[in-house]
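Step one of this worksheet: look at the structure below.
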Amino acid sequence: MRVYVPTTLAALAQAQRGGALEQPAAYAVTPALREWYISDDLEELEYAALVRAAQSSLRLLAADPQAPRRRVVVALDVPDAAVQPFTGDEYQDQASLGRVTLGGPVKLAKAAAVHADADDDGVVEDVAAAAAAIDAADAGDADAQFSVDGAEDHELLWFATQEIPGLIA
């Protein structure tokens, strides 16, 4: 199963050194996501899961003010048995559709690709503003949601796993 693990550049650097991603939350094409998105196109569904992982990466950035202000998502292929449905008590809104829990750390060697924001001043500024506003947006603040949407206007770039050292440098 393809899963999309939200992370940060700092956490990706740590995973590169340790060989595994410790982040238990991921996003995948789940029955709930499939039902909400109403599409049979697997590529579209996987893109929807990737977008949700990128939103989750914003929350990780908000929690780590020292991390570079770029969203990062690692795409991994894992056995179905390694993925559990999300059973948290958190409110299940549209952003949490597709959320799953990984059974434990996953080897970075299993990564198919890394998706990350460009290292461009405009993108970094928009992502920084979105990370600062994400909690207020979750609480219903329309102005904060506008800032979050500004980051989502930027597409994540695709990086091969061999490019991780350059990405985290």
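The table below lists the values:
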item	result
Relative intensity, log₁₀ I(q)/I(0), of the range 2-160 from a Debye sum that treats every alpha carbon as a point, q = 0.17 Å⁻¹	-1.01
Helix-only mean residue ellipticity at 222 nm for the chain, each DSSP H run of n ≥ 4 adding -39500 (n - 2.57), per residue, nearest 500	-13500 deg cm²/dmol
Extension gain from A62 to S39, taking 0.36 nm per residue of separation minus the Cα-Cα distance	5.1 nm
Calculated FRET value between A109 and Y47, using beta carbons and R₀ = 22 Å, to 0.05	0.35
Taking S147, S39 and counting other C-beta atoms within 10 Å, the order from fewest to most	S39, S147
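Every number here is computed from the coordinates shown, using simple stated rules; none is lab data. As the structure is a computational prediction, the values presented were derived from the model and not from experiment. Every residue, glycine as well, gets a Cβ built from its backbone with ideal geometry; the counts of neighbours run over all protein chains shown.
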